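Heads up: the structure comes next, in structure tokens.
The values are calculated or read from the model by the stated rules, or taken from the named source; none is laboratory data. Computed from a predicted model, the values in this text were never measured in an experiment. Here Cβ is always computed from backbone atoms with ideal geometry, including for glycine, and neighbour counts include all displayed protein chains. Surface areas here come from the heavy atoms of the whole protein model, side chains and all, with no ligands, DNA or RNA. Shrake-Rupley method; radii C 1.70, N 1.55, O 1.52, S 1.80 Å.
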Amino acid sequence: MLLCASLVMLMTPGLAFFYGGLVGRKNVLTIMAQSFMSLGWTTVLWFAFGYSMCFGPSWHGIVGDPTYYAFMRGVTLNTMYAGNDAGIPLIVHVAYQMMFAIITPALITGAFANRVTVKAYFLFLTGWLVLVYFPFVHMVWSPDGLLAKWGVLDFAGGIVVHNTAGFAALASILYVGRRSLVENKPHNVPLIALGTGLLWFGWYGFNAGSELKVDAVTASAFLNTDVAASFAGTAWFLLEWSHAKQPKFVGLLTGAVAGLATITPAAGYVSLSSAAVIGLIAAVVCYYAVQLKNRLQWDDALDVWGVHGVGGLLGTILLGVFATKGWNASGADGLLYGNAGFLFKQIVAAVVSGAWAFGFTYGMLWLIDRVTPVKVGAAVEQAGLDVSLHGEEAYI
């Protein structure tokens, strides 16, 4: 479990490289710094009250008591995690889940790249974790959570991570607005490839580790992760090749990430063949979601909504179709196995989590804007955020 926690931690620097390669040369450090800010500040919040809000005693199934584990009160070497039969110390569960909390808000930064102030991002990071992420972790992953008790499943974060982050990204781009200087050409494709490799590698800890123990489900989640990513990456590559008349390396990388995001909620609940189908569907749906975003002229700079939001939503719903107790007795049977009710629950959870994330994010940005400007000025965009906000340059 500590190895899996390390793998998930590595995903945040991987995301920083991935996003850093996608933006222009004058904004590399800013987008990377936002990921590393989450690495530090989210840990502080998690230690202070975040874990307690996620896994403490429940308040109406919506959020945990923020004082119960505050500053790790009462946690000793002998305290065991009681959420299932994993048999791991509570401090291991604290560490593992903390890595999920770190990367989730960092995903959103790709949507408003090149145009948000440091103060606003810091306030956004804090408010979003408290109002969106912590409650949904409790509702979905705590045994006392509202959605968990209803029967909703999310193996590793399709609802909790990707759907909430993706629809928060959509709210962000609609509130913040378009960049005055739009640069959609990646400045460093090898950096994107490095980031994708680290994300893909870390995703094995993200998905397989979510079983919280070593058994056949752990192994199937591991392999399902790779199968879905490979099928999705290849399908996106071929689909874009047929449209753009050139084989795009960035398309291959983006498609793999879309497959990883989409398989995440289903990784430990579906068969290997279902994972392949989910990967193919992810490539087609997410590809056309990005095309739709372009036609609507939403300035989702790094396609967070189209890849993570749509991928998380899609994966949550497809879990309701393909889930089978034949691959995980602790899971559920989906639509293909005669359980339409489970599909309905997954759809409701996906819609509710997306709407919650969108509404709270939009309102929070409005409030932050009353305190400090959210968007940088046109002159700052022109000069680049690295020099203007941080006084540093990636390349000299």
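Applying the condition of being touching a helix residue (DSSP H, G or I) at 6+ places or on another chain (Cβ under 7 Å) and charged (D, E, K, R) to the stretch 269-317 and asking which residue is farthest from A229 (Cα to Cα) yields D299. Return the total of residues in the stretch 259-284 being of a type in the set (A, V, I, L, M), in contact with a Ser or Thr (Cβ under 8 Å, 6 or more places away or on another chain) and open to solvent by 10 Å² or more (accessible area, probe 1.4 Å). Residues that pass the stated criteria total 2. Annotation: of all residues in the stretch 117-134 being open to solvent by less than 10 Å² (accessible area, probe 1.4 Å), more than 14 Å from G312 (Cβ to Cβ) and not aromatic (F, W, Y), the one that is farthest from the chain's Cα centre (by Cα) is A120. Can you run down the residue pairs with Cβ atoms below 9 Å, 6 or more apart or on separate chains, where the first is in the stretch 377-393 and without any contact (Cβ under 8 Å) to a residue 12 or more places away in the chain and among the hydroxyl-bearing types (S, T, Y) and the partner is part of a helix (DSSP H, G or I) and surrounded by fewer than 19 Cβ atoms within 10 Å (Cβ to Cβ)? Sorted first by the residue in the stretch 377-393, then by its partner, the list stays empty.
Of the helices (runs of 4 or more DSSP H) entirely within the stretch 308-396, those holding at least 2 residues that are among the β-branched types (V, I, T) and open to solvent by 10 Å² or more (accessible area, probe 1.4 Å) occupy 310-322, 340-371.
Counting only helices (runs of 4 or more DSSP H) that sit wholly inside the stretch 1-108, those with at least 2 residues that are open to solvent by 50 Å² or more (accessible area, probe 1.4 Å) are 2-22, 28-45.
Of the residues D215, D226, only one is acidic (D, E), surrounded by fewer than 24 Cβ atoms within 10 Å (Cβ to Cβ) and under 19 Å from the mean Cα position of the chain (by Cα); which?
D226
If you check A111, A101, A86, A70 for being among the small types (G, A, S) and out of contact with any helix residue (DSSP H, G or I) (no Cβ under 6 Å at 6 or more places or on another chain), only one passes: A86. Which residue is farthest from L29 (Cα to Cα), if the candidates are limited to the stretch 109-133 and must be assigned to a helix (DSSP H, G or I) and of a type outside the set (A, V, I, L, M, F, W, C)? Of everything passing the filter in the stretch 109-133, Y133 is farthest from L29 (Cα to Cα). Annotation: Q382 fulfils all but one of (1) among the polar types (S, T, N, Q); (2) at pLDDT below 95; (3) under 24 Å from the mean Cα position of the chain (by Cα); the unmet one is (3).
Residue-by-condition table, conditions (1) without any contact (Cβ under 8 Å) to a residue 24 or more places away in the chain; (2) closer than 18 Å to E211 by Cβ:
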site	(1), (2)
L238	yes, no
T262	no, no
L280	no, no
V284	no, no
R295	yes, no
L319	no, yes
K325	yes, yes
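Examine the stretch 149-172 for a residue that is open to solvent by 30 Å² or more (accessible area, probe 1.4 Å), in contact with a Lys or Arg (Cβ under 8 Å, 6 or more places away or on another chain) and in a helix (DSSP H, G or I), and state whether such a residue exists. Looking through the stretch 149-172, at least one residue is open to solvent by 30 Å² or more (accessible area, probe 1.4 Å), in contact with a Lys or Arg (Cβ under 8 Å, 6 or more places away or on another chain) and in a helix (DSSP H, G or I).
Test S142 against the criterion of being more than 21 Å from W305 (Cβ to Cβ) and at pLDDT 95 or above, and give yes or no.
Yes, satisfied.
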